Amino acid sequence: MRYFIFTDIHSSLEAFQALLRFAKRRKIDHYLFMGDVVGYGASPNEVIDLLQTLKPISMIRGNHDKAVCCELDSVQSFNPIAASAILWTRENLTPDNLDCVTQLKKGPEIVHEHITICHGAPFDEDYYIFGEFDAAEAFLHIETQVTFFGHTHFPFVYTDNDHIVEGTFLTGNSNEVKIEQGTRYLINPGSVGQPRDRNTRAACAIYDSDAQKISFFRVEYDIEGAQKKIQDAGLPPALAERLSIGI
Ligand SMILES: [Fe+2]
């Protein structure tokens, strides 16, 4: 099976479309999405419509999805710029799409009995895994060999060999990780719509469970188009500006 792994689209239609054009040139059996379909960007309805056409075998909610549809009171816990985008998204979603976001399940979820997906961490969907200490805690809550997460927007691979946990930050525009027996993996492919690692390209991964390898990709997209929509929507200018530098 070949799984297309993606997370943190954040209402960027331009980034999402670019990745799907990339995916179309490859054989993909299933789509796995780790949350944050909305927030920050200006195309929430178009992105939700497109996501639904993929019929992901599994998709879960992120903290922005949860804030938009279920816990509007939690907006105070976001920084002012993120909070204003959440409120704007809430006002601009169609009723059907608000319902779709509301239906997104809370992670973690086990897929095909051998993959776990979660948004932040397997023990807390809102927790940021930002280092080996966090990853070691996460591995305690995981039963599968391979886990994918999102939330930090940084492409990262953590491995667990007999409780020795190591993290590798993935640089460049393509990487490959071979799945070794006896090693467990906790992997963030990076963000589709708002990369924060100073690489402006949209991020995704493909997990080939037969070949036992995970390939990571960064794909160029129409950043100026996404920025113009953010400006035209009256969203905070910083949300457009950050896309040019990948933060
Ligand atoms: Fe996110």
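Quick note: the coordinates plus some simple rules give every number you see, no bench work behind them. Model, not experiment: these values are computed from the prediction. Glycine gets a Cβ as well: all are built from the backbone with ideal geometry, and neighbour counts include every protein chain shown.
A few notes on this one:
- Percent of C-alpha pairs per 5 Å bin in the chain, short distances first: 1, 7, 15, 20, 20, 17, 11, 6, 2, 0, 0.
- Here K105 is the anchor, and the lysines within straight C-alpha reach of less than 19 Å, apart from those fewer than 8 places off in the same chain, are K55, K66.
- Cα centroids of the range 10-49 and the range 95-157: 18 Å apart.
- Entry note, the chain: the mean residue ellipticity at 222 nm calculated from DSSP H runs of n ≥ 4, each adding -39500 (n - 2.57), is -9500 deg cm²/dmol after division by the residues and rounding to the nearest 500.
- In the range 121-181, the convex hull through the Cα atoms has an average projected area of 4.3 nm², a quarter of its surface area.
- Percentage, to the nearest whole number, of Cα pairs in the range 1-135 over 19 Å apart: 50
- Low-density loop positions, trypsin sites (Lys or Arg not before Pro), the range 6-43 - DSSP coil, at most 15 other Cβ in 10 Å: R25, R26, K27
- Relative contact order (percent, whole number), the range 1-140, Cα cutoff 8 Å, 6+ residue spacing: 21
- Average Cα contact separation per residue, the range 2-245, under 8 Å, 6 or more apart, as relative contact order %: 23
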